[in-house]
C-alpha cells in the first residue's frame, strides 16, 4: 500500500455494504446539486470572467461527477467534489482580491474547519457568526473596489452573498457530514473487525487445542476411531486399528470392505450407511441420532474378531452433515462370554427337559421293570424245570431274548430318569474301550483305529453305563458310515484350566474322541441329537445318544459333538480322572451261590414278591413277604421280639401310595441297629442305590435281577457278619 493510498483511506474510508453505499450516493447527489447551484448563483452575483470560468468548469465537473455516480465510481466523486469547490472558490477569490472575496476565503476556511472539528452544531454556529461578521464588514466597505453587482444596491448584493454563503455552507456541511459519517462507520467497522478477528483467533486456538486433545485421545484409545465422507470414503483411522485386527491404518485402508469383514457384516455396513444417508436427506430424522451395531472383522492371523460400533453424523456450524464418525470397540471377549452363557442356558434347558421326561420315564420304567422281571424270571424258572433235552426250546429262548431287549430299553429310560446317580467304582478304560468299540463294529465292513495313551489314569465310573456309552457311540458311527469307512478312537489324559471355554471344573480329565467318516449332521439338527426320542434312523429308538449324554453328565463329564455335513462327525467325551488305581473284580460272572437263613422281602408288586420267594426257595432260604414298609416293620419287630430275627431284609425302594425302603429302614434300624438290609430298585442309578451304605443299607440289588444276582448279594451281605 502506497503512502497516498493510506492517507486517502484514512480521510475517506472505503464503503462497506450495499446499505452504506446507497446512503452515501444519496448524500453525494445532494452535494453535487448544491455545489452546482452555488456556482450558478455566484456567476450571477459576480459578473467577472474568473467567476464565469470557475462556474463553467465546476458545472462541467458536476456533470462528470453525476456520470461517475451513475457508473458507481463513488471514490472519484468523494475526492473530486471538495477539491473542485475549494480550488474554484480560491481561484475566484484570488482574482477579485476584494474585501468580500477575502472574506469568502476566510469564511470557507472557517466553515470547513468548524465542520471537520466541531460537527453539525459547530458548523451552524460558525455560519451564523461569520455571516454576521461578513455583513458588518460588507456594510462598512468605503473603498471603490466594489463589484458592479454590489453597486446595484446593498440589500440585493447582500442577498446574493447570503445565498452563496448558505449554499456553500450547506455543501460543506453535507460533504463533512459524509466524511464524519464515514469515519464513524469506519471506526465502528474497525472495532467490529478487530472483535471478529479476536473472536476468530480465540476460536481457532480453541479448535486447535480441541483437535490436539481429540487426536491424543484417538491415537491412544483402545477403541478404533474412524471417519468417512458422505460417499463412504475413509478420511481418518486411528492407530488402534492395529491392536484390533493386526493391520496398520495404511494397510487397512488398502483392503476392500469384503477383506476387512465377513460378507454378512460388509452387507450390513453398506445397508446402514445407505439407510442413514437417505434418512439424512429426508430432513425428518433426529440430527443427534446414534446408530449401534455389531460387526465381525477379519484379523490378520485368520481368526475373526467382533466389534461394536457407535456411529453418528459430523456436522458443520450450519448443522449440515459433512461425514460419519465411527467408534468401534472390541467385544470379542463379551461375545465369547455370551456364547458360553447361551451354551450353559441351552444345557440347563436340556437338563430340565430331560429331568421332566426322566420323571415320566422313571415311573413307566419302574412298572415296566417289574413286568420284565416277572416274565424273564418265570421263563428262566420254566427252563430250569424242563428236562435237559427241552431247555433250549426255541420259543422260550426267543422270549428270553425279547426280555433282555426290553430290560435294555428300560435301563436306557431309567438312565436319564429322576434317580440317575451311577454306582461308581474305579475303572480302567483301555480294555473296556477296545471291547466295546470292537463289539459295536462287529459285522460291519469298517476299520477301527484305536489309540490309547500309555499310563492312562482310571476313572471313577459305573462300568455298565460307560460300556453302554462306548457301544452307543460305536454303533452310531458305524450306522452313519453305512457299514463302510474308518472309525478313529483316541483316548488321552488332559488338563482343563480356568477359562478353557468348556463347562468343566479345572482338573485332570480323560478325553475320548470318536471320529468317523460318515455323512455328518445337519447344522439345524446338532442341538437336537441328544434330545429324547430324536433320531434320523428308521429303526432308531432315539435314546442312544440321550442316555449317553445323561450318563456322562451323571459322571461329572461332558459330551460335545462337532460335525460337517458330508465330512463326518467327532464326539468328544471328558470324564474326571480318578486317583484310585485298583479296579475291583466284578462278581457278575460268579455262579449261583446258595445259602441258609430267614429273609424278609418287601415289594409292592405281588408278582415280584412271589418271584423273589421262589428264587429264595431255590437258593435254600426261608422267607416271608410284605407289601409295604409298614407291614415289613411290623413283621420284623414281631420276629425280633420272638427272638427269631431275620438274617436279611430286602426292601423295594419305591412303593406307590405307601412307605418305601428309604423310610422303612429307619424303623428297622431302630428295632435292631445291626439289621442287614438290602435295597432293591429298578432305578439302579438312584442316589441311594449308588451310596446305599450312607443310608444304612448293607447292599443294593438292581431290578430286574436274576437268581444269580440275588444269591450273590445275600451271600456277600451275610458273610460280612461272620
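Which count do you get for residues in the stretch 489-529 that are without any contact (Cβ under 8 Å) to a residue 60 or more places away in the chain and within 29 Å of the chain's Cα centre (by Cα)?
Total meeting the criteria: 11.
Quick one: what pairs do we get from the stretch 641-652, first residue in a helix (DSSP H, G or I), second surrounded by 10 or more Cβ atoms within 10 Å (Cβ to Cβ), C-beta under 9 Å, 6+ apart or different chains?
Sorted first by the residue in the stretch 641-652, then by its partner, the pairs are 641/671.
Condition check ((1) within 30 Å of residue 385 (Cβ to Cβ); (2) in contact with a helix residue (DSSP H, G or I) (Cβ under 9 Å, 6 or more places away or on another chain)) across all residues:
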{"position": "616", "(1), (2)": "yes, yes"}
{"position": "652", "(1), (2)": "yes, yes"}
{"position": "657", "(1), (2)": "no, no"}
{"position": "674", "(1), (2)": "no, no"}
{"position": "693", "(1), (2)": "no, no"}
{"position": "708", "(1), (2)": "yes, no"}
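Need pairs with beta-carbon distance below 6 Å; first residue at negative phi and within the stretch 374-390, second modelled with pLDDT under 70 and surrounded by fewer than 15 Cβ atoms within 10 Å (Cβ to Cβ); sequence gap 6+ or separate chains.
Partner pairs satisfying both residue conditions: 383/391.
What number goes with the only condition from (1) within 19 Å of residue 603 (Cβ to Cβ); (2) buried (at least 19 other Cβ atoms within 10 Å of the Cβ); (3) modelled with pLDDT under 75 that residue 422 does not pass?
Of the numbered conditions (1) within 19 Å of residue 603 (Cβ to Cβ); (2) buried (at least 19 other Cβ atoms within 10 Å of the Cβ); (3) modelled with pLDDT under 75, the odd one out for residue 422 is (1).
Listed here are the residues, each with its yes/no results for (1) closer than 22 Å to residue 73 by Cα; (2) at pLDDT below 70; (3) not in a helix (DSSP H, G or I).
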{"site": "6", "(1), (2), (3)": "yes, yes, no"}
{"site": "9", "(1), (2), (3)": "yes, yes, no"}
{"site": "22", "(1), (2), (3)": "yes, no, no"}
{"site": "25", "(1), (2), (3)": "yes, no, no"}
{"site": "28", "(1), (2), (3)": "yes, no, no"}
{"site": "31", "(1), (2), (3)": "yes, yes, no"}
{"site": "37", "(1), (2), (3)": "no, no, no"}
{"site": "54", "(1), (2), (3)": "no, no, no"}
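From 664, 700, 632, 680, which residue is outside any loop (DSSP other than H, G, I, E, B), outside the structural domain of residue 551 (by TED's automatic domain parsing) and out of contact with any helix residue (DSSP H, G or I) (no Cβ under 6 Å at 6 or more places or on another chain)? Reasoning before the result, please.
Numbers: 664 fails: out of contact with any helix residue (DSSP H, G or I) (no Cβ under 6 Å at 6 or more places or on another chain); 700 fails: out of contact with any helix residue (DSSP H, G or I) (no Cβ under 6 Å at 6 or more places or on another chain); 632 fails: out of contact with any helix residue (DSSP H, G or I) (no Cβ under 6 Å at 6 or more places or on another chain).
The match here is 680.
Could you please find all residues in the stretch 458-486 being outside any helix (DSSP H, G or I) and out of contact with any helix residue (DSSP H, G or I) (no Cβ under 9 Å at 6 or more places or on another chain)?
Initial filter on the stretch 458-486 (outside any helix (DSSP H, G or I)): 458-462, 481-486.
Answer for the stretch 458-486, where residues must be outside any helix (DSSP H, G or I) and out of contact with any helix residue (DSSP H, G or I) (no Cβ under 9 Å at 6 or more places or on another chain): 460, 481, 482, 483, 484, 486.
List the strands (runs of 3 or more DSSP E) inside the stretch 266-341, counting only whole elements, that have at least 1 residues being touching a residue at least 60 places away in the same chain (Cβ under 8 Å) and either over 30 Å from residue 204 (Cα atoms) or not assigned by TED's automatic domain parsing to the domain that holds residue 255 (or both). Even if it seems obvious, please write down each step before you answer.
On the way: elements: 291-298, 304-315, 321-330.
The strands (runs of 3 or more DSSP E) meeting that bar are 304-315, 321-330.
The values are calculated or read from the model by the stated rules, or taken from the named source; none is laboratory data. Computed from a predicted model, the values in this text were never measured in an experiment. Every residue, glycine among them, receives a Cβ derived from its backbone with ideal geometry; neighbour counts consider all protein chains shown.
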